[in-house]
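Worksheet: the structure to be examined is printed underneath.
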Amino acid sequence: MKIKADTSVCIGAGMCALTAPEVFDQSEEDGTVVLLQESPPEDVEEASRRAVTLCPSGALSLE
């Protein structure tokens, strides 16, 4: 699994960072998504998928 994050679409809601903090963070500058792990390990795959689903702006996607 590979995660893509489009910071130009991100609205900084923070659902990703709350759902999978091992994989996502937020920029201190503008609050947009910071992808910590493009290919998360198995133990956080489920949370990562949930974070992508919960993203209100659609800034996150899976490959």
Could you pull out every residue, at least 5 positions away or on a different chain, whose amide H is within less than 5 Å of the one on VAL34? Hs are placed 1.01 Å off N in the peptide plane, and Pro or chain starts have none. ASP25, GLN26, SER27
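Of ILE3, ILE11, which has the most accessible area with a 1.4 Å probe, and how do the rest follow in descending order? If you can, show how the numbers build up before the last one.
Working: ILE3 0, ILE11 120 Å².
Largest accessible area first, the list is ILE11, ILE3.
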Accessible surface of GLU45 - all protein chains present, 1.4 Å probe, nearest 10 Å²: 50 Å²
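Let me check something: with ligands and nucleic acids excluded, how do ASP43, ASP30, ASP25 order by accessible area (1.4 Å probe), largest to smallest?
Numbers: ASP43 130, ASP30 105, ASP25 75 Å².
Output order, biggest surface exposure first: ASP43, ASP30, ASP25.
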In Å², and per residue, what accessible area does the chain have when probed at 1.4 Å with the other protein chains present? 62 Å²
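Averaged over all directions, how much area does the convex hull of the C-alpha atoms of the chain cover when projected, in nm²? Please list the in-between numbers first.
Details: hull surface 14.0 nm².
Orientation-averaged projected area of the Cα hull: 3.5 nm².
Roughly how big is the chain's charge dipole about its Cα centre, with Cβ charges of +1 (Lys, Arg) and -1 (Asp, Glu), in debye to the nearest 20?
The dipole magnitude comes to about 260 debye.
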Can you tell which of CYS10, VAL33, SER57 lies farthest toward the positive end of the dipole of the chain, using +1 and -1 charges on the Cβ of basic and acidic side chains (Lys, Arg; Asp, Glu)? SER57
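The values are calculated or read from the model by the stated rules, or taken from the named source; none is laboratory data. Quick caveat: nothing in here was measured; it's all calculated off a predicted structure. All Cβ positions, even for glycine, are placed from backbone atoms using ideal geometry, and neighbour counts span all protein chains on display. The accessibility values were calculated without ligands, DNA or RNA, using every heavy atom of the protein model including side chains. Shrake-Rupley method; radii C 1.70, N 1.55, O 1.52, S 1.80 Å.
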